[in-house]
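Inspection log for the structure reproduced underneath, given as structure tokens.
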Amino acid sequence: MRIGVAMAFGSTPVPEIAGWAHDAEERGVDSVWLGEAWRELAVPLTAACLVTRRAQVGAGVMQIFPAHPIITALQAAGLQEASGGRFALGLGVGASFVVERWFGVPFERPLQRMREFVDVVRGALASRSGEPFSYDGECFRIRNYRMQAAATSPDVPIYIAAVGGKMLELAGEIADGVILGGIHSPEYLQEVGARVAAGGARAGRNLSDFRIHAYLISAASEDAEHARELARASLAYSTQYGHYRRRLDEEGFAAAAERIAGHVRRHEQDDALALVTDELLERFTVAGTPEECRAQATRLLGAVDEAVLTLVPFRISEADAALRVLDAASALQKVAGAAASVSSR
């Protein structure tokens, strides 16, 4: 199992984001991901590409509703060039209320839009060979587009962010991998594999190289309670998003999730955090001392290709969240290394 780290920075300056990416690579992580939540991604991703040499650098994720796939393809080509072939493009539909309130775009036909978005990004990147690209879809129509960037870098892997079954199947059908949200259980991870396989079978694909990246709310500190409070805040914040709420509902926590989300919406943060029980933390996060994190993370072994550790900077500073994610990554690398050693025997 590989270990990655992810953050959705907002107020942190780009040079400090680059420094965090560099520190992550120095700690030995396999990948560094940045999320498009409170700032655009092309600039900080470029900075991360330029200060790292080995780790994969990923967009985790870019939202497709406010974007155009040609522009996204151009950004991906530039980031692949800046990274020397280490860039991965993660795409997601986002939350409906964000799409409609912030961007003024109807949240309609997300599956069809994702399918066409991936088609156009791939077609635009392929046009670097000199063959013009045209596309006649229901969401996008392109005529004789040809990208001018030189096709000197490897193909850009495209990962689809998915929670529900239909999007998981679409990922298995058309993507190079899937990015799972930060709320999942061992039972859900089994369902993920089955859904991805169903999509791959429908397309007649060999999924031997398909990658499952699971985001994981995670924090490590010698002060175990501090780490758990960071994870508690991230979990509380996540309840306001419909796709995460559905996951919690399906896991039997519907009533608790509704109460927590209500407090978050009303900005009653202390009340929200008080309702995030130890049971919720133990089931959906990895948090505590480094030793406790290692013990908790064993549930992921064999279920995912890469655990991507993250925290939402809710009620906490971005700097503290970013540091505790790196500390968790350092702790979990020992679990991943031990698993790799066993599997190679």
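Condition first: outside any helix (DSSP H, G or I), among the basic types (Lys, Arg), under 24 Å from Thr152 (Cβ atoms) and free of Cβ contacts under 8 Å to residues at least 60 places away in the same chain. Can you find one or more residues in region 31-41 that meet it?
Initial filter on region 31-41 (outside any helix (DSSP H, G or I)): 31-41.
Checking which are among the basic types (Lys, Arg) leaves us with 39.
Keeping just the survivors that are under 24 Å from Thr152 (Cβ atoms) gives none.
Looking through region 31-41, none of the residues is outside any helix (DSSP H, G or I), among the basic types (Lys, Arg), under 24 Å from Thr152 (Cβ atoms) and free of Cβ contacts under 8 Å to residues at least 60 places away in the same chain.
Within region 241-287, restricting attention to residues that are outside any helix (DSSP H, G or I) and touching a residue at least 40 places away in the same chain (Cβ under 8 Å), the residue that is farthest from the chain's Cα centre (by Cα) is Val276. The residue of region 48-74 that is nearest to Gly137 (Cα to Cα), among those that are more than 18 Å from the chain's Cα centre (by Cα) and surrounded by 21 or more Cβ atoms within 10 Å (Cβ to Cβ), is Pro69.
Looking across region 288-320 at every residue that is of a type in the set (A, V, I, L, M, F, W, C) and assigned to a loop (DSSP other than H, G, I, E, B), the one that is nearest to Gln333 (Cα to Cα) is identified as Leu301.
For region 225-243, the set of residues classified as within 14 Å of Asp320 (Cα to Cα) and among the hydrophobic types (A, V, I, L, M, F, W, C) consists of Ala227, Leu230, Ala231, Ala233, listed by residue number. I'd like the full set of residues that are of a type outside the set (Val, Ile, Thr), surrounded by 20 or more Cβ atoms within 10 Å (Cβ to Cβ) and part of a helix (DSSP H, G or I), limited to region 81-105. Hit for region 81-105 is Ser83, nothing else.
Every listed requirement among (1) acidic (Asp, Glu); (2) surrounded by fewer than 17 Cβ atoms within 10 Å (Cβ to Cβ); (3) touching a residue at least 40 places away in the same chain (Cβ under 8 Å) is met by Glu116 save one, (2).
Every condition in (1) among the aliphatic types (A, V, I, L, M); (2) under 23 Å from Asp249 (Cα atoms); (3) in a strand (DSSP E or B) holds for Ala194 except the one numbered (3). Restricting the first member to region 144-159 and to residues that are on the phi > 0 side of the Ramachandran plot, and the second to residues that are surrounded by fewer than 20 Cβ atoms within 10 Å (Cβ to Cβ), the beta-carbon pairs closer than 8 Å and six or more apart or on different chains are Asn144/Pro132; Asn144/Ser134.
Of all the listed residues (Gly137, Gly165, Gly78), the sole one being within 30 Å of Thr239 (Cα to Cα) and either surrounded by fewer than 21 Cβ atoms within 10 Å (Cβ to Cβ) or of a type outside the set (S, T, N, Q) (or both) is Gly165.
Every read-out reported here was derived from the displayed coordinates using simple, explicitly stated rules and does not represent laboratory data. As the structure is a prediction and not an experimental result, all values here were calculated from the model. Here the Cβ is made from the backbone with ideal geometry for all residues, glycine too, and neighbour counts use every protein chain on show.
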